[in-house]
1. Non-local amide H neighbours of Ala28 (under 5 Å, H modeled in plane, Pro and chain starts lacking H): which ones?
2. Give the peptides 37-43, 17-23 in descending order of average Cβ contacts within 10 Å, highest first.
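Nothing in this text is a laboratory measurement; each read-out follows from the coordinates by a stated rule. Owing to the predicted nature of the structure, the values given are computational and were not obtained by experimental measurement. Note: ideal-geometry Cβ built from the backbone for every residue, glycine included; neighbour counts use all protein chains shown.
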Amino acid sequence: MKITRIETRIVDIPVTTPYVFSHGVMKAFSNVLVWIHADGGLVGIGEASFTPGGGVTEETPEATKPMIDCYFAPVLIGEDPFDVERAGSSSRSWASWPRASPPSRRRRA
């Protein structure tokens with residue numbers, strides 16, 4: 001079985017009660033949903049979640065979605081969706097960017 005497609009989408013998830021924390025009041029969380037499609041019809045769904053205002057980290061959904069689309073997806077397409085160790089190793093091999101070239105600029109073996 002091989003990964004055939006990776007799809008991402010930024011979604012706003014409303015909360016029933018406003019969430020109050022040191023950076024302000026939130027009425028919704030903005031996350032990145034990730035669908036990993038494999039041949040045979042298998043689909044896995046994942047999520048990248050964020051704390052707005054930067055308090056914990058500086059990552060944002062708007063920066064994370066293109067990182068997944070442009071860097072993770074090209075490396076993972078064609079890989080076995082159940083071989084998590086290899087997938088992690090493949091993505092870490094170029095994660096030292098900008099010293100390493102992005103996958104789209106390298107030849108695939």
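1. Under 5 Å from the amide H of Ala28: Val15.
2. On the way: 37-43: 11.9, 17-23: 9.7.
Ranked from most to least packed, the peptides come out as 37-43, 17-23.
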